[in-house]
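Please read the structure below before turning to the comments.
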Amino acid sequence: MASKDRILRLKEETRINILDASLQIVKEEGWPALSMRKIADAIEYTAPIIYEYFSNKEAILLELTRKGFLILARDMKAAKEKHRSPEKQLEAMWLAYWNFAFAEKELYQVMFGLNISCCELSAKLPEADIPYDLVAGVIEEIMAPDKPTEDDVSVKYYTFWSVIHGLISINVVRRRTSEEITHEVLKTAISGIIGSLKA
C-alpha cells in the first residue's frame, strides 16, 4: 500500500513539475514558445513521458487555465471576507481581480485568450464560474430591494467585467497612461457601477 501511495505521489509531483515548467517557459519566452519538447527539456524527461500526463499542449493549457481560476477565486474570496458591507466587498473583489491580472499575467492571458491564440478553454471548466458566482451574489444583495431578475444581475456583472477586463487589456497590450491615472480610472469605474446598483 505504501509503495502505491508513493507512486501516486511521484506521478502527482511530475504532473505539477510539467505545469510549473510550462508556466516558467511562458514567463521567460512567451506563449508562442511553449512546446511539448521544451517542457520535456526543462524537466529533463523525454517528450513521450509528457504525453503520459497530458495528451497534448491544449490539455496543459486547460490545466493552467483551471489553476488560474482557482487562484483568482481564492484571492477574490479572501478580499470579500475582509469586509461586511456588500459595496466594500464588491470593490475589494474587483481590486483583487485587477491585482491577480498583473501578478499572474501569463495565467490571465490563457484564461481569457489575451495576447494568445487559444480555443475557449474556460468554457470547459466549472472553476471559470466561481468569480461570477462570488460577484453576482453580492450584486443581488445590493439590488435586493428592487427584486432583480437573474438577467438584471448578469447585466451588472458584465458591466463590471467589461470595464475592468477592458482596462486590464489596454494595460497589457499598450500602456500609455501612468499607474496613478489607471488606478483612478479603475476606482472611478468600480464606484460608479456600484452606485448604479442602488439607483
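Quick note: the coordinates plus some simple rules give every number you see, no bench work behind them. Treat the numbers as computed from the prediction; the structure is a model and nothing was measured. Using ideal geometry, Cβ is built from the backbone for each residue, glycine included, and neighbour counts are taken over all protein chains shown.
Per-residue ellipticity at 222 nm from helix content only, as computed over the chain with -39500 (n - 2.57) for each DSSP H run of at least four residues, stands at -25500 deg cm²/dmol.
I'd like the orientation of helix 130-143 relative to the chain: the angle between its Cα long axis and the longest Cα principal axis, in ° from 0 to 90, rounded to 10. Helix 130-143 sits at roughly 10 degrees to that axis. Extents of the chain, largest first, come to 60, 47, 28 Å (Cα atoms, principal axes, whole angstrom). Cβ crowding within 10 Å ranks Glu106, Glu150, Glu58 as Glu150, Glu58, Glu106, fewest other Cβ atoms first. Of Ile50, Pro32, Ser22, which is farthest on the positive side of the dipole of the stretch 1-54, counting Cα position, with +1 on Lys and Arg Cβ, -1 on Asp and Glu Cβ, and the Cα centre as origin? Of the listed residues, the answer is Ile50. In the stretch 54-103, the C-alpha radius of gyration followed by the widest Cα-Cα span (Dmax) gives 14.0, 46 angstrom. Applying 1/(1 + (r/R0)^6) with r as the Cβ-Cβ distance of Ile7 and Lys124 and R0 = 35 angstrom yields a FRET efficiency of 0.75. Over all directions, the projected convex hull of the C-alpha atoms in the stretch 1-54 averages 3.6 nm² in area. By how many degrees, 0 to 90 and rounded to 10, does the Cα axis of helix 150-173 deviate from the longest principal axis of the chain? Approximately 60 degrees, to the nearest ten.
Inter-label distance, Asp151 to Ala78: 3.9 nm, where each label sits 7 Å from its Cα along the C-beta direction. The slack in the chain from Ser196 to Lys105, taken as 0.36 nm per residue of separation less the alpha-carbon distance, amounts to 29.8 nm.
Compared with the dominant Cα axis of the chain, that is its longest principal axis, helix 2-29 is turned about 70°.
Take the Cα of Glu44, step 7 Å toward its Cβ, do the same at Glu29, and the gap between the two points is 1.9 nm. The length gained on full extension between Ser55 and Ser162, counted as 0.36 nm times the residue separation minus their Cα-Cα distance, comes to 35.1 nm. Residue exposure proxy: Arg6, Arg74, ordered by other Cβ atoms within 10 angstrom of their Cβ from fewest to most, comes out as Arg6, Arg74.
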